[in-house]
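Taking it in order: structure first as structure tokens, then the write-up.
Where a number appears in this text, it was derived from the coordinates with a stated rule and is not lab data. No experiment lies behind these values; they were computed from the predicted model shown. Neighbour counts run over all protein chains shown; Cβ positions are idealised from the backbone, glycine included.
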Amino acid sequence: MCRKQLHALALKPSFFDADGAGEFDSLFATMAERKAGALLVTADPSLYEKRQQLIELAARYRLPAIYEWRLHAVEGGLMSYGTVLTDAYSQVGHYAGRILKGEKPGDLPVVQPTHFQFVINLKTAKTLGLEIPPTLSARADEVIE
């Protein structure tokens, strides 16, 4: 969302940064203290490694969270929306093959993902006391019951 859309919805985002997993507990406590209404966990390899801790803290603080990758929702996160990792890895292999055949990396086009996946975990929604509208569930690529 752009700033104009956030303003129209009266939403004021807050940004939190943690350098290590040891900071997550205090970070979630701060979010609760500030009455954060939801959490967006960005795509970061270090956060991916700590996904179970993030999912557990979001559940403990009853904070609805959306994550970048499907595995977060499968492992208990509320929702995920992002690229399909296997597609990205396939593209990496394709590029590596072209380079190994002699193409210069600088001559290859920049490719952006075109396939995104939206997953909802209804069990987590129920635990958080959230009702997912049927219209939203219908738009999901996968609904975990």
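In the stretch 40-69, which trypsin sites (Lys or Arg not before Pro) are in a loop and have at most 13 other Cβ atoms within 10 Å, using DSSP for the loop call? Walk me through the intermediate numbers first.
Working: sites: Lys50, Arg51, Arg60, Arg62; in loops: Lys50, Arg62.
For trypsin sites (Lys or Arg not before Pro) across the stretch 40-69 that sit outside H, G, I, E and B with at most 13 neighbouring Cβ atoms in 10 Å, the list reads Arg62.
Taking amide hydrogens as placed 1.01 Å from N in the peptide plane, the amide H of Ile144 sits under 5 Å from those of Ile120, Asn121, Leu122, each at least 5 positions away in sequence or on another chain.
Divide by every residue of the chain the summed helix terms, -39500 (n - 2.57) for each DSSP H run of at least 4, and state the resulting mean residue ellipticity at 222 nm, rounded to the nearest 500 deg cm²/dmol.
Numbers: 8 runs with 64 residues, N = 145.
About -12000 deg cm²/dmol.
Would you mind ranking Asp17, Asp87 so that the residue whose beta carbon has the fewest other beta carbons within 10 Å leads the list?
Numbers: Asp17 6, Asp87 14.
The order, fewest Cβ neighbours first, is Asp17, Asp87.
Set against the 2.2 N^0.38 Å expectation for a compact globular protein, the stretch 15-107 has a Cα radius of gyration ratio of 1.40. For the chain, the Cβ-based charge dipole about the Cα centre amounts to some 420 debye (Lys, Arg positive; Asp, Glu negative; other atoms uncharged).
Taking the number of Cβ atoms within 10 Å of each Cβ as an exposure proxy, the fewest-first ranking of Asp141, Asp107 is Asp107, Asp141.
Our summary gives the chain a relative contact order of 18 percent, counting only alpha carbon pairs under 8 angstrom and 6 or more residues apart.
GNM remark for the chain: springs join alpha carbons under 10 Å apart, and the peak mean-square fluctuation among Phe116, Phe24, Phe16 falls on Phe16. When the Gaussian network model of the chain links Cα atoms closer than 10 Å, the mean-square fluctuations of Ala32, Ala73, Ala65 top out at Ala32.
Rounded, prolate or oblate: which fits the stretch 52-145, taking a ≥ b ≥ c as square roots of the Cα gyration tensor eigenvalues, rounded meaning a/c under 1.5, else prolate when a/b beats b/c? Kindly include the intermediate steps, with their values, before the conclusion.
Values: a/c = 3.93, a/b = 2.53, b/c = 1.56.
In terms of gyration-tensor shape, prolate.
Counting other C-beta atoms within 10 Å, which of Ile99, Ile144, Ile120 has the fewest, and how do the rest follow? Present the calculation step by step, with values, prior to reporting the outcome.
Numbers: Ile99 13, Ile144 18, Ile120 24.
Ascending Cβ contact count within 10 Å gives the list Ile99, Ile144, Ile120.
Other residues lying with their Cβ under 10 Å from the Cβ of Arg70 contribute a combined charge of -4, Lys and Arg counting +1, Asp and Glu -1.
Placing unit charges on each Cβ (+1 for Lys and Arg, -1 for Asp and Glu) gives the chain a dipole about its Cα centre, and among Val74, His94, Thr127 the Cα reaching farthest toward its positive end belongs to Thr127.
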